[in-house]
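Let me begin by presenting the structure, written as structure tokens, before commenting on it.
Each value in this text was obtained by applying a stated rule to the coordinates, not by laboratory testing. Because the structure is predicted, anything quoted here is derived from the model rather than measured. With ideal geometry, Cβ positions are generated from the backbone for all residues, glycine too; neighbour counts draw on all protein chains shown.
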Amino acid sequence: MPELRRDPLTGRWVVIATERARRPQDFVRQSRARAESGDCPFCEGHEAQTPAEVMAYRPADLPANGPGWQVRVVPNLYPAFEPATGALDLRRDGLYLAEQALGAHEVLIASPQHVEEVAKLPLSQFELLVRAYIDRYRAHAANPLIQYIQLIMNYGREAGASRDHPHSQLFAVPLVPSLIDLELARSREHFASRGECLLCGILRQQLAEGERVVLENERFAVFAPFASRWPFELWLVPRRHEARFERLDDEGQELLARALKETLGKVFAGLNDPPFNYWLHTAPTQQPVDEYYHWHLELAPKLAIAAGFELGTDVMINTALPEEAAGFLRTTPGPA
Ligand SMILES: [Zn+2]
Ligand SMILES: [Zn+2]
Ligand SMILES: [Zn+2]
């Protein structure tokens, strides 16, 4: 009998389709489609092919927009959100409301070399990528126009990446996205009735049960959520109560980089380099939610597609048991 499960953080229901559940091995990919070949504008030495950088980690004696960098951040060539150039323009037309998509859209190039498998980047590059996330986050959080900052990684063409060169993206947006609002509302409610953070509670239950936990270190735990919407969905969660990702201290940054690399390594090795998306959920920049919101990173390998039922209902049908998926990844070593 299929099972309906509800995610405590969002309240969303998921069908865990136990009848047609596939074994973890059934999700192992044949091969990943490559995004493009030829000249890559993200490679070291090709700096002139991107818009001028907004930040880069390179020795101080080397000029901007030239080689010698380790992580480089540039505006997206086709930005979804653009910096303000004039007065804000709000437009009403009957029931319709529109405004300019002000904000920022940046690409964080995670390596000077064209390493196509992001999981194989050295730990030092993951540490620099995490540092770049925080530096860019803080730069945009200071802008009073910005209400939320979304950090993501798309990996592989099927997951929306247009380039194979490892990179992340930052979107600074003038609104609080509805999914964050949903998590905030449920976290606030839980805090009001139980006096504790909802995700702290979820984490405690996950660690006590253990069957959906993939890995842990001193500061982070990675687990498959009880109501996983996607096969092999994973959440990476700080073990301490922390609302704001950008306040992570040095030790936390290092252990986040370690947990992230290890997680991507297990997904890479266990499922044969599948495309994936990950995205960060953290407190909106201007809301006092620190008592009850708990930041986290969500990762979804692209192993299933949302079809008519899922699109029409926002109820996913997941054909992988979260407990089996987690067990499979727990025992998968990362790449050497
Ligand atoms: Zn490249
Ligand atoms: Zn918490
Ligand atoms: Zn979330």
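Structure values in brief
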quantity: Potential extension, Cys43-Leu90 segment - 0.36 nm per residue separation minus Cα distance; calculated: 13.0 nm
quantity: Helical contribution to [θ] at 222 nm, DSSP H n ≥ 4, -39,500 (n - 2.57), averaged over the chain, rounded to 500; calculated: -8000 deg cm²/dmol
quantity: Distant alpha-carbon pairs in the chain (separation over 37 angstrom), percent; calculated: 17
quantity: Magnitude of the charge dipole, the chain, Cβ model with Lys/Arg +1 and Asp/Glu -1, debye to 20; calculated: 520
quantity: Sparsely packed GluC sites (Glu not before Pro) within the range 183-254, loop by DSSP, other Cβ within 10 Å at most 15; calculated: Glu196, Glu211, Glu218
quantity: Those GluC sites (Glu not before Pro) in the range 281-336 that DSSP places in a loop and that have at most 14 other beta carbons within 10 Å; calculated: Glu291
quantity: Cα Rg, Dmax, the range 97-202, angstrom units; calculated: 17.1, 51
quantity: Percent of Cα-Cα distances greater than 14 Å, calculated over the range 117-159; calculated: 61
